[in-house]
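For reference, the structure discussed in these notes is given below.
Nothing in this text is a laboratory measurement; each read-out follows from the coordinates by a stated rule. Since the model is a prediction, treat every value here as computed from it, not as a measurement. Because the Cβ atoms are built from the backbone with ideal geometry, glycine has one as well, and the counts that use them run over all protein chains shown.
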Amino acid sequence: MITLGVIGCGNMARNHMRNAVVMDGVRLHGYADVFPDAATGFLNEFGGAYATADPNDLLADDAIDAVLVSTHHDTHVTLGVAAAQAGKHILMEKPMSMTVPQCDAVVAAVEKAGVRLMTGFKLRFAPLIQEAKRLAPEPFLLVGQMMCNRWPDTLWAVDPVKGGGNILSQGCHTFDLICYLAGSKPVEVFAVGGNYTHENKTYPDNMAGLIRFANGAAASVVQGDAADSTSVSKFFFEVFDNGTSVQLYDRLHRATVSGASVADPGERHAPADADPEGLQQELTEFIHGLNTGAPWAIGADHHAGRRATALAHAFFAAIATGNPQRLT
């Protein structure tokens, strides 16, 4: 039985808790939020032992085995390092941290402490993503697109300090999923883009990019908040293997499979008894892995979390310089 603490009691954490309260192998214990009423609300809604405004109360609590960190992105490095040093396993909402050096600090703390960290890339767990992995295990061409309507300027994720904007805050999903589907290490990127929707910000907010992988595969990515795409939805991914193509759309709720090597072409639908976007399955694997010691077969570890942030910053550099960027 894993005893879980929650740091950051907002909408994303609430979605996790709705899954946790009906899940075997996990006990909810403590809640922390800078807004005490939010933490108390979670305690009243989901049960547990206490609510607090100070996350250090959870980190000092020997009863807690693991923490969910679901806070503004700029706090991830401090909370991730502190949680690791306190011996807590970590489910860290994406992105793992805002910058590559911050990610490196979290990686070092996790490895020194011998704890486990899963980065919250829930889309890996979507049933149709797993179907695409089965049908096209070694794709050599990939497409990833995540576009939505313009984010309000008042949204915290748009803030350069707290959230970093769409390409970092949300694009990390796209970059991680493309790497996961490719099954190979990204080695070089190029991108064009700019401040198309948030002219007053210091970072690019919309981009088109290319990724070259170590195994020779290539991917194109489109990321931003210029407008939603009603035909394919916010999420669209496509993979081409030798004789197989899979198109994933409708927020990964549907897919089309075709190609000369496909025995059963046509449309696929996410199972009715599973979360089509993977959040439930993500928490299940996190808790099961901690309870059993088994490695995570799907979940993104701290190295994958670092890689997604590194890709975002490599794209930023390519946009700024007009030159391809090597990944380190």
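Working out 0.36 nm times the residue gap between residue 210 and residue 187, then minus their Cα-Cα distance, what length gain in nm do you get to one decimal? Each step should come with its number before you reach the end.
On the way: separation 23, 0.36 × 23 = 8.28 nm, distance 1.09 nm.
This chain segment gains 7.2 nm when fully extended.
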Compute, for the chain, the length of the dipole vector about the Cα centre, with Cβ point charges of +1 (Lys, Arg) and -1 (Asp, Glu) only. Units Debye, rounded to 20. 640
Based on DSSP H runs of at least 4 residues, each adding -39500 (n - 2.57), what is the mean residue ellipticity at 222 nm of the chain after dividing by all its residues, to the nearest 500 deg cm²/dmol? -10000 deg cm²/dmol
Once the in-chain neighbours fewer than 8 apart are removed, the lysines whose Cα is under 19 Å from residue 94 read 122, 162, 234
Distance in nm between residue 273 and residue 54 label points, each 7 Å along Cα→Cβ, equals 4.7
Distance in nm between residue 264 and residue 220 label points, each 7 Å along Cα→Cβ, equals 3.1
Net length gained if the chain between residue 18 and residue 251 were fully extended (0.36 nm per residue, minus Cα distance): 81.8 nm
Plugging the Cβ-Cβ distance of residue 242 and residue 292 into 1/(1 + (r/R0)^6) at R0 = 51 Å yields, to the nearest 0.05, a FRET efficiency of 0.90
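If neighbour count is taken as other Cβ atoms inside 10 Å, put 35, 286 in order from fewest to most.
Lowest to highest Cβ neighbour count: 35, 286.
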Centre separation in Å (Cα based) which lies between the stretch 1-52 and the stretch 275-328: 24
Placing +1 on the Cβ of each Lys and Arg and -1 on the Cβ of each Asp and Glu in the stretch 108-178, which of 157, 113, 141 has its Cα farthest towards the positive end of the resulting dipole? 113
In what sequence do 151, 296, 156 fall when counting other Cβ within 10 Å, fewest first? 156, 296, 151
Calculated FRET value between residue 37 and residue 201, using beta carbons and R₀ = 45 Å, to 0.05: 0.90
Per principal axis, largest first, the Cα atoms of the stretch 115-183 extend in Å by 42, 35, 19
Using alpha carbon centroids, what distance separates the stretch 95-145 and the stretch 65-82, in Å? 17
Can you tell me which lysines have their Cα less than 19 Å from the Cα of residue 185? Leave out same-chain residues fewer than eight positions away. 133
